[in-house]
1. Quick check for me: using +1 on Lys/Arg Cβ and -1 on Asp/Glu Cβ, what's the dipole size of the stretch 128-246 about its Cα centre, in debye to the nearest 20?
2. Name the residue from Leu56, Pro184, Gly194 whose Cα lies farthest towards the positive end of the charge dipole of the stretch 44-266, charges +1 on Cβ of Lys and Arg and -1 on Cβ of Asp and Glu.
3. Test of understanding: express the Cα radius of gyration of the stretch 118-187 as a ratio to 2.2 N^0.38 Å, with N the residue count.
4. Can you bin the stretch 89-209 into rounded, prolate or oblate? Criterion: square roots of the alpha carbon gyration tensor eigenvalues sorted a ≥ b ≥ c, rounded for a/c under 1.5, prolate for a/b above b/c, oblate for the rest.
5. Work out the FRET efficiency for Glu272 and Arg212 from their Cβ-Cβ distance, taking R0 = 25 Å, and round it to the nearest 0.05.
6. Tilt of helix 230-239 relative to the longest C-alpha principal axis of the chain, in degrees (0 to 90, nearest 10)?
7. Determine the per residue accessible area of the chain with all protein chains present and a 1.4 angstrom probe, expressed in square angstrom.
8. In degrees, nearest 10, range 0 to 90: what is the angle between the Cα axis of helix 186-196 and the longest Cα principal axis of the chain?
Amino acid sequence: MNEAVPVSRVTDHGTAKLMPDVDRERAWLLTVDGAPQSYVDLDEPAHLEFEYTRRLGHVLDTVAEPGRALDVLHLGGGAFTLPRYVAATRPGSRQDVVEADRGLLELVAEHLPLPPDGGITAHGADARAWLETAPADSADVLVADVFGGSRVPAHLTSVGYVREADRVLRADGVYVANLADGAPFGFLRGQLAGFAAFFEELALIAEPGVLRGRRFGNAVLVAAHRPLDTAALARRTAADAFPARVAHGPALRDFTGDARPVRDEDAVQSPEPPAGAFGIG
């Protein structure tokens, strides 16, 4: 058997590297300009390595009864970790994956091919532009995991974006996003305020140290028009290898405070992570 070797390629938005995991035979780490983007195990697509990805997986596990096929829209593709996960855990699901970096799509298709029967369709396009042309009421779940390097692009942070996400989701649909911030949480609080303007139910999943402002880190935002199963989410995240807390209700409203929704003309990208916040090795 040929030993897996790292692959490096300059794509549309940076230098992408695929590095094999020495401990798992067909597992790969994708980085773009040194920032970890995805981890995929081709033999075990239900294996989620990154902490935030596991939390997104917990949300996907609890939005509907186990095994039920869903229509899922993913904004941000990377190495397609979550689309592979949904295909494995919810067979028959239909999934659209929107990734702006076409060169990255080509690299992943070449080295980490998708399951042929996975119901996954890739689209090389800007996430906001694609969302604005997507049919209304067409998605059961919208997963947003879009980072330009280590920052969420500004045009995916405003109320105009939230309005489009709400339009595309079905009445009982669920929005889930990977975000990143640190104290005093100006970015994250603005995001919560924006989604609270459209969705009745919100939850935030993060490591306790992040929620207390002790360090910069990922936070998973969940939004819906129907009650979320926060008890099931809390059990899963607390029992995880990387324990996290689920904030919702009055505690989340207190966290949001007097923050206001972000208008398109005022939108900025998420803050620059401190050095080493998302490093590897």
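The values are calculated or read from the model by the stated rules, or taken from the named source; none is laboratory data. Just so you know, these numbers come straight off a predicted model, no measurement behind them. Note that each Cβ is placed from the backbone with ideal geometry, even for glycine, and that neighbours are counted across all protein chains shown. Remember, those area values only see protein heavy atoms, side chains included, never the ligands or the DNA or RNA. Shrake-Rupley method; radii C 1.70, N 1.55, O 1.52, S 1.80 Å.
1. On the way: 13 positive and 13 negative charges, 100 e Å.
Rounded to the nearest 20 debye, it is 480 debye.
2. My answer, from the dipole projection, is Pro184.
3. Values: Rg = 13.0 Å, N = 70, 2.2 N^0.38 = 11.1 Å.
Cα-based Rg divided by the globular estimate yields 1.18.
4. Values: a/c = 1.72, a/b = 1.38, b/c = 1.25.
The shape class here is prolate.
5. Result of the calculation: an efficiency of 0.75.
6. 50
7. Working: 12630 Å² over 281 residues.
Here the residues of the chain average 45 Å² of exposed surface.
8. Once rounded, one gets 70 degrees.
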